[in-house]
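Presented below is the structure to which this report refers.
The values are calculated or read from the model by the stated rules, or taken from the named source; none is laboratory data. Values in this document were obtained by computation on a predicted structure and should not be read as measured data. We place every Cβ from the backbone using ideal geometry, glycine too, and count neighbours over all the protein chains shown.
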């Protein structure tokens, strides 16, 4: 992983060095895929790619013009995108020594990564994430996938990227909502892995909320490092077991995304899921009440939502629809249900059952205490 500023500045060698690291004497073919949202914010991006390739022509050759694909969750919901990408790779004669350069948000990186993983049993993928959420979380790991049959990430593959280039400059024109949404994953990993990091986020909350660059760079780097450490040292990077410890707050978040038709962005849904599971942790006697208040307060100060009316949606039998997320969470990995809860800030514990009556009570508490705050 490389952290840099303005990766496509012709005088910045970072990307060219990444491509040439294993075979420095080779001129590498690179096929760029661009997120349409990013290209809209940076309309000169294709020209900048061309200028970069020309400056570093001894190391890289563009295999084709950049392909622009729709971004956001629509990318993962579009059943035509995967075969279109596969055809694009085939028509440009991409091989296992060529590079796919994916530049965009997490959804585009997920979809392009899945397509690359299925061609020639795996093309080399370089991710250049363009959102806070992708730079500190989704662009860092080994997961690729798309949504299918109404289920989040139903189709996908574990395929580590060849490299990740985090270019902070790509965040310059990111809408405020997208920037703030990415903070949720940093709060999550701090809650389950690093109490000192959580305390730092509390101190930096005002600066982060207004997009102060130094604070943003620190948050992204620390969050990415914690995710990488887990992947490298957990002993289960490809989730062969039944636990998803980095997915604290996610069983409800994934379902809320679906229930709202993706009106909620992923990070926003995660923030709400963090409140729900933190309240549940407190209700069963695991999490001290002052810690719960710190969590709820921090999410609010960062500008993240802590409630959505979709939590109150019910089936015909009166059961909350969000509770289906528990079944889907279990089914995604198989085996017994494994959920991370909190014993304290920075201290997670795994449980294998949630009392749905207490989940209902936690949601009621959220409606009464958190909504509108």
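Every residue in region 71-88 that is at pLDDT 95 or above and touching a helix residue (DSSP H, G or I) at 6+ places or on another chain (Cβ under 7 Å), please.
81, 82, 85, 86, listed by residue number.
Six or more apart or on different chains, Cβ under 6 Å: which pairs go from a residue in region 203-214 that's in contact (Cβ under 8 Å) with a residue 24 or more places away in the chain and in the same structural domain as residue 186 (by TED's automatic domain parsing) to one that's outside any helix (DSSP H, G or I) and surrounded by 15 or more Cβ atoms within 10 Å (Cβ to Cβ)? Could you list them?
209/303
Which one of 324, 279 is crowded, with 22+ Cβ neighbours inside 10 Å and either part of a helix (DSSP H, G or I) or assigned by TED's automatic domain parsing to the domain that holds residue 226 (or both)?
Numbers: 324 fails: crowded, with 22+ Cβ neighbours inside 10 Å.
Going through 324, 279 in turn, the sole match is 279.
Limited to region 160-181, what total is found for residues that are out of contact with any helix residue (DSSP H, G or I) (no Cβ under 6 Å at 6 or more places or on another chain) and part of a helix (DSSP H, G or I)?
Count: 7.
So which of 206, 157, 184, 217 is under 17 Å from the mean Cα position of the chain (by Cα), surrounded by fewer than 21 Cβ atoms within 10 Å (Cβ to Cβ) and in a helix (DSSP H, G or I)?
Working: 206 fails: under 17 Å from the mean Cα position of the chain (by Cα); 157 fails: in a helix (DSSP H, G or I); 184 fails: surrounded by fewer than 21 Cβ atoms within 10 Å (Cβ to Cβ).
Only one candidate qualifies: 217.
Using the structure shown, decide if residue 337 is modelled with pLDDT under 90, surrounded by 14 or more Cβ atoms within 10 Å (Cβ to Cβ) and not in a helix (DSSP H, G or I). Lay out the reasoning, then the answer.
Details: modelled with pLDDT under 90: yes; surrounded by 14 or more Cβ atoms within 10 Å (Cβ to Cβ): yes; not in a helix (DSSP H, G or I): yes.
Criteria met by residue 337.
Which residues, taken from region 104-154, are outside any loop (DSSP other than H, G, I, E, B), surrounded by fewer than 18 Cβ atoms within 10 Å (Cβ to Cβ) and at positive phi? Don't jump to the end; show me each part of the working.
Let us first name the residues in region 104-154 that are outside any loop (DSSP other than H, G, I, E, B), namely 104, 106-117, 124-129, 132-138, 143-148, 151-154.
If we keep only those that are surrounded by fewer than 18 Cβ atoms within 10 Å (Cβ to Cβ) as well, we get 148, 151, 153-154.
Within region 104-154, just 153 meets the criteria.
Residue 343 is checked against (1) at pLDDT below 95; (2) under 24 Å from residue 195 (Cβ atoms) and fails just one. What number does that condition carry?
(1)
Looking at (1) surrounded by fewer than 16 Cβ atoms within 10 Å (Cβ to Cβ); (2) assigned to a helix (DSSP H, G or I), find the lone condition where residue 362 falls short.
The one condition residue 362 does not meet is (1).
Working carefully through the options 369, 330, 347, 301, find the one that is out of contact with any strand residue (DSSP E or B) (no Cβ under 6 Å at 6 or more places or on another chain) and buried (at least 16 other Cβ atoms within 10 Å of the Cβ). Talk me through it step by step, then tell me what you get.
On the way: 369 fails: buried (at least 16 other Cβ atoms within 10 Å of the Cβ); 347 fails: buried (at least 16 other Cβ atoms within 10 Å of the Cβ); 301 fails: buried (at least 16 other Cβ atoms within 10 Å of the Cβ).
None of the other options fit; the residue is 330.
For region 52-73, which positions are assigned to a helix (DSSP H, G or I) and surrounded by 14 or more Cβ atoms within 10 Å (Cβ to Cβ)? Working first, answer last.
Going through region 52-73, the residues assigned to a helix (DSSP H, G or I) turn out to be 52-55, 73.
Of everything in region 52-73, those that are assigned to a helix (DSSP H, G or I) and surrounded by 14 or more Cβ atoms within 10 Å (Cβ to Cβ) turn out to be 52, 53, 55, 73.
Conditions tested, residue by residue: (1) without any contact (Cβ under 8 Å) to a residue 60 or more places away in the chain; (2) out of contact with any strand residue (DSSP E or B) (no Cβ under 9 Å at 6 or more places or on another chain).
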| position | (1), (2) |
| --- | --- |
| 59 | yes, no |
| 65 | yes, no |
| 84 | yes, no |
| 87 | yes, yes |
| 91 | yes, yes |
| 94 | no, no |
| 99 | no, no |
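Among the numbered conditions (1) in contact with a helix residue (DSSP H, G or I) (Cβ under 8 Å, 6 or more places away or on another chain); (2) surrounded by 15 or more Cβ atoms within 10 Å (Cβ to Cβ), tell me where residue 11 comes up short.
With (1) in contact with a helix residue (DSSP H, G or I) (Cβ under 8 Å, 6 or more places away or on another chain); (2) surrounded by 15 or more Cβ atoms within 10 Å (Cβ to Cβ) applied to residue 11, the lone miss is (2).
Given the criteria out of contact with any strand residue (DSSP E or B) (no Cβ under 6 Å at 6 or more places or on another chain), surrounded by 18 or more Cβ atoms within 10 Å (Cβ to Cβ) and farther than 18 Å from residue 197 by Cβ, does residue 272 qualify?
Values: out of contact with any strand residue (DSSP E or B) (no Cβ under 6 Å at 6 or more places or on another chain): yes; surrounded by 18 or more Cβ atoms within 10 Å (Cβ to Cβ): yes; farther than 18 Å from residue 197 by Cβ: yes.
Spelling it out, residue 272 is indeed out of contact with any strand residue (DSSP E or B) (no Cβ under 6 Å at 6 or more places or on another chain), surrounded by 18 or more Cβ atoms within 10 Å (Cβ to Cβ) and farther than 18 Å from residue 197 by Cβ.
In region 40-59, is there at least one residue being at pLDDT below 95, in the same structural domain as residue 106 (by TED's automatic domain parsing) and in contact with a helix residue (DSSP H, G or I) (Cβ under 7 Å, 6 or more places away or on another chain)?
Looking through region 40-59, at least one residue is at pLDDT below 95, in the same structural domain as residue 106 (by TED's automatic domain parsing) and in contact with a helix residue (DSSP H, G or I) (Cβ under 7 Å, 6 or more places away or on another chain).
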